[in-house]
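Heads up, the thing below is written out as structure tokens.
The values are calculated or read from the model by the stated rules, or taken from the named source; none is laboratory data. Computed from a predicted model, the values in this text were never measured in an experiment. Please note: Cβ atoms are built from the backbone with ideal geometry, for glycine as well, and neighbour counts cover all protein chains shown.
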Amino acid sequence: MDFTQSELAELSFSKSSQSVKYGKLTEQWIPFTKDFPYSPEQFRFIGTPIDGLVFADDKIVFCEFKAASSQLSDKQKRVKELVEAKAVDWLEYRIK
């Protein structure tokens, strides 16, 4: 079977798009798996730039779920650096 360059590019894009959709769907279910170390009731899904937060009784945990060999994006790396540097603030914004 012969493919043109544009057909190959379209197939590659389609496969990549399906992987992204699968990942976005799966990451919403990870907190309900038996191996997830926190209660799913404590997890709040965000989606981007990280998958979510766990509001445990004694701490807040920033969560990013990865499969196989996938890596953190530059934005996710930056969030991780800020959390590790304790550069996290509280904002209570009141509407007047």
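Can you list the strands (runs of 3 or more DSSP E) found entirely within region 21-64 that contain at least 2 residues being of a type in the set (Val, Ile, Thr) and at pLDDT 95 or above?
By residue number, 60-63.
Could you grab me the full set of residues in region 62-96 that are within 13 Å of the chain's Cα centre (by Cα), of a type outside the set (Gly, Ala, Ser) and under 23 Å from Pro31 (Cα atoms)?
Phe62, Cys63, Glu64, Phe65, Lys66, Gln71, Leu72, Lys75, Gln76, Lys77, Val79, Lys80
Would you check which residues across region 65-85 are aliphatic (A, V, I, L, M), at pLDDT 95 or above and surrounded by fewer than 15 Cβ atoms within 10 Å (Cβ to Cβ) and list them?
Leu72, Leu82, Val83, Ala85
Using beta carbons and a limit of 8 Å, which pairs, at least six apart or on different chains, have the first residue in region 72-90 and without any contact (Cβ under 8 Å) to a residue 12 or more places away in the chain and the second one among the charged types (D, E, K, R)?
Sorted first by the residue in region 72-90, then by its partner, the pairs are Leu72/Glu64; Leu72/Lys66; Leu72/Lys80.
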